[in-house]
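For reference, the structure is listed below as structure tokens.
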Amino acid sequence: AAGQEVYQLAGVAVNAPDLIGGLIAAFKLDDRFAASISSQTKASVSFATEAGLFASTLDAGRRGLLERRRAAVPLGRPALIGEPGAQELAMAIPVARGVHAYLQLSWDEAIEPLRRLQRALGLLAAVALALTAVVGFFIADSVTASMRELAEATGKISGGDFSARVAVRTRDEVGRLGAAFNAMVAGLQEREKIRSVLRKTVSKEIADELLKRGQINLGGEERLVTVLFSDIRSFTTISEDLDPPTLVSELNEYFGKMARAIEERRGVIDKFIGDAIMALFGAPVGSPDDAANALRAALAMRGALEELNAQRAARGLARWETGIGLNTGTAVAGTLGSESRLSYTVIGDAVNLASRLEGLTKHYGCPILLSAGAREKAGPGFAYRSIDLVRVKGRHHTVEIFELLGEAGAPPAWLGGWEKAVAAYRSGALAEARRLFEATAAARPGDGAAAEYLRRLATLPEQAAAGWDPAHTALEK
């Protein structure tokens, strides 16, 4: 290097075929050469020896920085030089013995591509966020509208409107929820139709019990029930004088009043049999007050019949009379019939006895007769008179039967004499019984039970023989 001028030399031997000489090429390492290298590398280029820089594309400030820090620039790998905020990325490359090339790029220029990428990504994120917000708004609005529609439909259903449906517009989770809701409402609507039909053929309690079970199976269970039978007396004769539409209309009016008296006291209408009513207390749902409620229902039916007869009299129609029989006992309650035709009812001896007692109301002329079992289960709160000891048709055991007089209160004046007459009859003191029954008949003209005893006593001696059986065997059903 003469006068700080540095040349790069390259030589090659010339053979023809023996060595005849050499060819040497040289080019000067100066600022112009550094500029040509810079245009290719896009970086500032400098050349230096131990004495210092002799060629460079740097301005004076950056050249001075390199002069001061070039000893810290490693060979073959980049390093940062300079102060924070004005740092440069520099790398040294040996090009000849004692000569190094320095490639230099400002830090800001070096990371500019990264910054452009960062700005592009930031813009993309902003656009994506905006799109997400817009799409989210429309989705949220759609979901909110669907939920609002679902809430309105639920409100209608809770009010009993099972025709409410929601529109299914999508196939996503909201759409599947709407479809499931519509299917559920359709099931409820069908269930309500079944319930409505059942309640027109059986009582509300039985309808609810059958629906609660889901699958109705034939069979039953033993339950303690109070069974009530009611019948219109001489109905066959009454029906002969009425045309069918009038007969049905008058029966429906009667059944409506009787059913209300029963159901208001937690009774269940089991069935209507012609002009008869069979009601249950204790099935399918029982309570401790079943027997007492049955007695209250019987008294209420008598009161309703009086109201009906007053209305019939105002219309010029004949008076109706009824008989009611009640018994409490264990019966089989459940669903009977076939798979195609089912009926919820109770069967057993307890039911038969209630029916027999209803039939005996005509024999004794008493509106309401009940068994000792019904009286015992009903508890205090009612007034009775003992009517007779009876062996009803189909039973071998004697049953004591009672007439229900009303709610408990001061006993009527004639009741004491009646109880004495019955006691005398059962003990075999027939003459004393006849006298006492005659007194009751005089105090209560038209008393059918007193008349029945007097008919029996008319053929009996004054004193019963040994082995006297005071029980009456009833032949009628």
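The values are calculated or read from the model by the stated rules, or taken from the named source; none is laboratory data. Keep in mind the model is a prediction, meaning the values are calculated, not measured. Reconstructed Cβ throughout: ideal geometry from the backbone, glycine too, with neighbour counts over all protein chains shown. Accessible surface areas use protein heavy atoms only, side chains included; no ligands, DNA or RNA. Shrake-Rupley method; radii C 1.70, N 1.55, O 1.52, S 1.80 Å.
Here are the numbers:
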quantity: Placed amide H near K271: partners under 5 Å, 5+ positions off or other chain; calculated: M278
quantity: Taking the C-alpha atoms of segment 375-436, convex hull volume expressed per residue in Å³; calculated: 103 Å³
quantity: Subset of K271/K362; K362/K420; K156/K271; K257/K420; K257/K393 violating a 29 Å alpha-carbon distance limit; calculated: K156/K271; K257/K420; K257/K393
quantity: Mean projection area, nm², convex hull over Cα of segment 329-472; calculated: 10.5 nm²
quantity: Solvent-accessible area per residue for segment 1-104 (1.4 angstrom probe, square angstrom); calculated: 62 Å²
quantity: Accessible area of segment 1-102 belonging to carbon and sulfur atoms, whole % at 1.4 Å probe; calculated: 56 percent
quantity: Calculated P(r) of segment 1-103 - Cα pairs past 24 Å, %; calculated: 31 percent
quantity: Average accessible surface area per residue within segment 231-339, 1.4 Å rolling probe, Å²; calculated: 43 Å²
quantity: Tensor-based shape of segment 313-401 (alpha-carbon gyration tensor, a/c under 1.5 rounded, otherwise prolate or oblate); calculated: oblate
quantity: Separation in nanometres of the label points that stand 7 Å from Cα toward Cβ, at I347 and N252; calculated: 3.2 nm
quantity: If the convex hull is drawn through the Cα atoms of segment 410-477, its volume per residue in Å³; calculated: 106 Å³
quantity: Using a Förster distance of 51 Å, the FRET efficiency for E240-A466 (Cβ separation, nearest 0.05); calculated: 0.55
quantity: Whole-number accessible area per residue in Å² for segment 345-408, which is evaluated in the context of all protein chains at 1.4 Å; calculated: 38 Å²
quantity: Relative compactness, segment 288-333, computed as alpha-carbon Rg over 2.2 N^0.38 Å; calculated: 1.55
quantity: Three-way shape call for segment 267-312 based on the alpha-carbon gyration tensor, with the a/c threshold at 1.5; calculated: oblate
